[in-house]
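First the structure, in the form of structure tokens, and then the observations on it.
The values are calculated or read from the model by the stated rules, or taken from the named source; none is laboratory data. Here the structure is a predicted model, which is why all the values come from computation and not from measurement. Positions of Cβ are backbone-derived with ideal geometry, glycine not excepted, and every protein chain shown enters the neighbour counts.
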Amino acid sequence: MNIGILAVQGAFIEHDRMLSRLGASCFEIRQKSDLSRPMDGLILPGGESTVQGKLLRDLGLFAPLKEKIEAGLPVFGTCAGLLLLAKKIENDERRHFATMDITAMRNAYGRQLGSFSAEAEFDGLGSIPMTFIRAPYIESVGKNVQVLSVVEGHIVAAKQKSQLVTAFHPELLEDTRVHRYFLDMIRTAV
Ligand code: GLN
């Protein structure tokens, strides 16, 4: 299995580490030529969605990646990656790939609660530890979207066909279950 990790900005190395621990091979996507490699899945890491959105366009990665996601390439967006996939961002006019039928709230926890940890149930995985860093949450989802996890009344993980998003950063902790969940999604999509 070969996973492409968007590596223009943000926490991509941590995903790399996590996938290696799970025995999946991965490569970094920095420029258009990287997209010619065979890719079974795509990870959009945390960082700054506005910066990532701009770099994706400047580097000519935006249209080809959007096309692949729309064609069903399994994708996992964490935090800023969630914002890149959201059809609507409540408090930001910018739209990016906009392939997932969710409405997100950016920097939803405010400055005081910029970063925090939680532990909550995640669809079929039991209780998992979660790290939030200036995180968004999902305010509402369309009817084709499955809610996977809720923290304090807010949706923090969801899935729509082959698209998976988390508002938190599973790549920063030792627990590998969410990444394994994504790899399982890829296996069942094939
Ligand atoms: N606050 C960031 C944004 O709006 C997301 C933060 C993160 O990815 N840790 O894009």
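For region 155-177, enumerate the residues that are within 15 Å of the ligand (Cβ to nearest atom), under 17 Å from Met100 (Cβ atoms) and either out of contact with any Lys or Arg (no Cβ under 9 Å at 6 or more places or on another chain) or of a type in the set (D, E, K, R) (or both). Residues satisfying the conditions are Val156, Ala157, Thr166, Ala167, Phe168. Just one of the listed residues (Ala86, Ala98) is crowded, with 19+ Cβ neighbours inside 10 Å and under 20 Å from Gly10 (Cα atoms), namely Ala86.
Of all the listed residues (Gly47, Gly60), the sole one being exposed (fewer than 14 other Cβ atoms within 10 Å of the Cβ), in contact with a helix residue (DSSP H, G or I) (Cβ under 6 Å, 6 or more places away or on another chain) and at pLDDT 95 or above is Gly60.
The condition of being in contact with a His (Cβ under 8 Å, 6 or more places away or on another chain), crowded, with 18+ Cβ neighbours inside 10 Å and in contact (Cβ under 8 Å) with a residue 24 or more places away in the chain holds for only one of Ala157, Ala108, that being Ala108. If you check Arg21, Arg37 for being in contact (Cβ under 8 Å) with a residue 40 or more places away in the chain and exposed (fewer than 15 other Cβ atoms within 10 Å of the Cβ), only one passes: Arg21.
Residues in region 111-125 that are farther than 21 Å from Gln163 by Cβ and in contact (Cβ under 8 Å) with a residue 40 or more places away in the chain: Ala118 alone.
Note on region 119-146: among residues that are within 16 Å of the ligand (Cβ to nearest atom), under 15 Å from the mean Cα position of the chain (by Cα) and of a type outside the set (Lys, Arg), the one that is surrounded by the most Cβ atoms within 10 Å (Cβ to Cβ) is Ala135. Name the residue that is farthest from Asn91 (Cα to Cα), counting only residues in region 105-132 that are among the hydrophobic types (A, V, I, L, M, F, W, C) and modelled with pLDDT of 95 or more. Looking at residues that are among the hydrophobic types (A, V, I, L, M, F, W, C) and modelled with pLDDT of 95 or more, I get Leu125. Of the helices (runs of 4 or more DSSP H) contained entirely in region 16-98, those carrying at least 2 residues that are among the charged types (D, E, K, R) fall at 49-58, 62-70.
Looking only at region 64-118, residues that are among the hydroxyl-bearing types (Ser, Thr, Tyr), closer than 30 Å to Pro38 by Cα and within 10 Å of the ligand (Cβ to nearest atom) come to 1 in all.
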